[in-house]
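Reading through the structure tokens given below for one structure.
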Amino acid sequence: MQADVRNPEAVKTAVDECVAAFGLPNIVINNAAGNFISPSERLSANGWKAVTDIVLNGTAFVSLDIGRRMIEAKQGLT
């Protein structure tokens, strides 16, 4: 599944598709990254924002969406 992890709605749509096709995952591996081949002193504010949006916010959005579903599924079993 493909999604812009910076966008929580895109994450939700991709996870919906993934769950429909394969079922709820057992694990989550966050591996999205944003990188620029650039010396640190040349990295622009927008470049820095893109990297942190992908790495920090993307990790949170994916983990929260799938984590909530996992918790809900587990609560439904008890």
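Quick note: the coordinates plus some simple rules give every number you see, no bench work behind them. Since the model is a prediction, treat every value here as computed from it, not as a measurement. Every residue, glycine as well, gets a Cβ built from its backbone with ideal geometry; the counts of neighbours run over all protein chains shown.
Let me have the 222 nm mean residue ellipticity of the chain computed from DSSP H runs of 4+ only, each contributing -39500 (n - 2.57), with the sum over all residues rounded to the nearest 500. Write out the running numbers ahead of the final one.
Details: 3 runs with 42 residues, N = 78.
Helix contribution divided over all residues of the chain: -17500 deg cm²/dmol.
Using Cα pairs closer than 8 Å and at least 6 residues apart in sequence, work out the relative contact order for the chain, in percent.
Working: 58 pairs, mean separation 31.6, N = 78.
It comes to 41 percent, rounded to a whole number.
Compute the FRET efficiency between S44 and N7 as 1/(1 + (r/R0)^6), taking r as their Cβ-Cβ distance and R0 = 25 Å, and round to the nearest 0.05.
Numbers: r = 21 Å, r/R0 = 0.85.
Plugging the Cβ-Cβ distance into 1/(1 + (r/R0)^6) gives 0.70.
Considering all alpha-carbon pairs of region 35-78, what whole percent are spaced by more than 16 angstrom?
Numbers: 512 of 946 pairs.
Roughly 54 percent, once rounded to a whole number.
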Label point at A73 placed 7 Å out along Cα→Cβ; residues across region 28-45 whose backbone nitrogen lies under 19 Å: 28-31
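With viscosity set to 1.002 mPa s at 20 °C, what whole-number translational diffusion coefficient in µm²/s follows for region 1-40 from Stokes-Einstein and a Kirkwood radius over Cα pairs?
180 µm²/s
Let me know the whole percent of all Cα-Cα pairs from the chain that are separated by more than 14 Å.
Details: 1957 of 3003 pairs.
Tail fraction, whole percent: 65.
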